[in-house]
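Input: a single structure, listed below in structure tokens.
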Amino acid sequence: MEDFKKILKKYWGYDDFRGIQREIIESILSGQDTLGLMPTGGGKSITFQVPALAQEGVCIVITPLIALMKDQVQNLRSRGIKAAAIYTGLTHDQILQTLENAVFGAVKLLYISPERLSSELFQQKLRHMKVCFICVDEAHCISQWGYDFRPSYLAIADIRRLVPDIPVLALTATATPEVVDDIQNRLHFQKKCVFRMSFERKNLAYVVRRTFNKEQQLVHILQSVPGSAIVYVRSRQRTREYADLLNKSGIKATFFHAGLDNTLKDQRQMDWQKNKVRVMVATNAFGMGIDKPDVRVVIHIDCPDSLEAYFQEAGRAGRDGQKSYAVLLYDDNDKMKLRKRVVDTFPDKEFICEIYDQLAYFYQIAVGSGYNATFEFPVERFCQTYRHFPIPTISALNILTRAGYIDYRDEDEAQARVMFLLGRDDLYRLRDNEPREDAVIVALLRTYTGLFQDYGYIDESIIAQQCDLTPQQVYMILTNLNQKHILSFIPQKHIPFIRFTQRREDSQHLIIPPAVYDDLKARYVHRTDKMLEYATCDLICRSRLLLRYFGEDRTDDCGMCDVCLGGKE
């Protein structure tokens, strides 16, 4: 353990481990499959980064969040640690080079998205890697009983068969007792091994504020509580609306959602992290893996679907240990909205069959054909064609995916592409470019080949690093060069895909098993009921109610929440 403390001190500057970090590290280094339950801000990353550096070989880190991968890889590299990431959007050559580096020992931590685990290239290279252990972050995603189940996580069990003697470390900040058991079963633990930190946050005051005017309450709270803040809303449109409201009220705010361009996301996140902007108004696409310890208040305008989601998002406040607040604004419409989400998330089976038929009409696939056919899926055009709302349509596609008829993915990113329109000699004769434009051109020529013959995939962050610019600046420069007809620039874009995993069936013969519909719907209803209980119960300490949901029986009240303070009054 003294050697591990030296690693901790050398790379992170800490003198000792905290919480259950030491126990988890000792367990995984002894070769034991291990599950660690640690609240947001509990120091999860240390539990796999330190043992990875203490052993020979590479640690495979599986996480669903591309932004988190990039952030952690950049952070590790800044500390002199060999780290790399593989995710959707990289070119074949980039992925191959990264995997080869891992095979030859030039990578200590290899981050990979769960969707890439099933690729033949990864599995082929994995057989030649010296792997010390596998880390599964956000491990609750493997459980169908969890609030954020992702089918791609099921491939982790198959990967274990390729490296059978390698232990697995699973980590999560949100898991009920039922989900804890399910994680271990689905990851094929040799024997049960769980380390728990209490989910209690002694510096975080949970507050439910009932109000008929959420906008007025939001402004009042932010005027009363100084410091950095996150405001969560349900829709992309509302992020902009509430950010405008706050700016008009003299509170500097910006907004964030999954539909924004990646360079814009990075810029807004950086502005908020550096306190150039005080408030980030966002959907739940924001916050995972964001290392900002001084968030003083997290406010939910709308009720989340579950206490797991609420606890994780609220837990982004007060990671520095200072007094902070998690506030849920609640009105009489919230109950009705939550009930409607059940219907939207689990539409009638007749509607699901109708969507399946309409997919076949949309792509002109006859019964008995279409196996493995893959298409770009323009959601808005499909919904306009068949007069559906997007939310239940996407829910139906997710259910058809779980049932095995299609594979619907909405997280695929088409990487930015560039092709030079001028020849190499013409480029050198240019005289009107700004110095930064010339720097970007030189970086493109040094980093990529074949850009005079065809479009090539590029990574704007790599060009930015070489030119000492931000990705947003590189994006603007490439746009200007495109307008000057020096090169053709196709920005990165978000493209949903659909693949038919079976030949098209007659919809009358579709089978939607209870495990992918009825059982999950019952669990979803249970979670929304618990969320409503939290929002409406005025008799039990908020902290105790949350801890009870996650299997912790506490007899003492927090003394800080609105229920406790109301009782004192």
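If you check Gln21, Gln32 for being open to solvent by less than 40 Å² (accessible area, probe 1.4 Å) and out of contact with any strand residue (DSSP E or B) (no Cβ under 6 Å at 6 or more places or on another chain), only one passes: Gln21. Residue by residue through segment 120-163, note down the ones that are of a type outside the set (Lys, Arg), under 19 Å from the mean Cα position of the chain (by Cα) and open to solvent by 20 Å² or more (accessible area, probe 1.4 Å). Matches in segment 120-163: Gln144, Trp145, Tyr147, Asp148, Phe149, Pro151, Ser152, Leu154. Among the residues here, Val58 qualifies as open to solvent by less than 30 Å² (accessible area, probe 1.4 Å), touching a Gly at 6+ places or on another chain (Cβ under 8 Å) and at pLDDT 90 or above. Scanning segment 440-449 for residues that are open to solvent by less than 40 Å² (accessible area, probe 1.4 Å) and of a type outside the set (A, V, I, L, M) gives a single hit, Tyr448. Quick check: anything in segment 354-367 assigned to a loop (DSSP other than H, G, I, E, B), more than 29 Å from Leu520 (Cα to Cα) and without any contact (Cβ under 8 Å) to a residue 24 or more places away in the chain? Within segment 354-367, one or more residues are assigned to a loop (DSSP other than H, G, I, E, B), more than 29 Å from Leu520 (Cα to Cα) and without any contact (Cβ under 8 Å) to a residue 24 or more places away in the chain.
Within segment 173-206, the set of residues being surrounded by fewer than 20 Cβ atoms within 10 Å (Cβ to Cβ), out of contact with any Ser or Thr (no Cβ under 8 Å at 6 or more places or on another chain) and closer than 22 Å to Val563 by Cα comprises Ser198, Lys202. Does any residue in segment 540-569 that is free of Cβ contacts under 8 Å to residues at least 24 places away in the same chain come within less than 8 Å, Cβ to Cβ, of a residue that is open to solvent by less than 20 Å² (accessible area, probe 1.4 Å) and assigned to a loop (DSSP other than H, G, I, E, B) six or more places away or on a different chain, and which pairs are these? Correct list of pairs: Cys541/Cys561; Asp557/Cys541; Cys564/Cys541. From the set of residues in segment 451-468 that are within 20 Å of Pro491 (Cβ to Cβ) and open to solvent by 30 Å² or more (accessible area, probe 1.4 Å), which is modelled with the highest pLDDT? Across segment 451-468, the extreme among qualifying residues is Gln466.
Exactly one residue out of Ala535, Ala515 is in contact with a helix residue (DSSP H, G or I) (Cβ under 9 Å, 6 or more places away or on another chain), surrounded by fewer than 16 Cβ atoms within 10 Å (Cβ to Cβ), aliphatic (A, V, I, L, M) and touching a residue at least 60 places away in the same chain (Cβ under 8 Å), and it is Ala515.
Listed here are the residues, each with its yes/no results for (1) of a type in the set (D, E, K, R); (2) touching a residue at least 40 places away in the same chain (Cβ under 8 Å); (3) more than 30 Å from Asp332 (Cβ to Cβ); (4) touching a strand residue (DSSP E or B) at 6+ places or on another chain (Cβ under 8 Å).
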position: Ala157; (1), (2), (3), (4): no, no, yes, no
position: Arg160; (1), (2), (3), (4): yes, no, yes, yes
position: Leu169; (1), (2), (3), (4): no, yes, yes, yes
position: Arg196; (1), (2), (3), (4): yes, yes, yes, yes
position: Lys202; (1), (2), (3), (4): yes, yes, yes, no
position: Val208; (1), (2), (3), (4): no, yes, no, yes
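Within segment 236-268, if we keep just the residues that are assigned to a helix (DSSP H, G or I) and touching a residue at least 60 places away in the same chain (Cβ under 8 Å), the residue that is least open to solvent (accessible area, probe 1.4 Å) turns out to be Thr263. Scanning segment 302-353 for residues that are of a type in the set (Lys, Arg) and open to solvent by less than 30 Å² (accessible area, probe 1.4 Å), we see that the one that is nearest to the chain's Cα centre (by Cα) is Arg316.
The values are calculated or read from the model by the stated rules, or taken from the named source; none is laboratory data. Owing to the predicted nature of the structure, the values given are computational and were not obtained by experimental measurement. Every residue, glycine among them, receives a Cβ derived from its backbone with ideal geometry; neighbour counts consider all protein chains shown. With ligands, DNA and RNA removed, areas are computed over all heavy atoms of the protein, side chains included. Shrake-Rupley method; radii C 1.70, N 1.55, O 1.52, S 1.80 Å.
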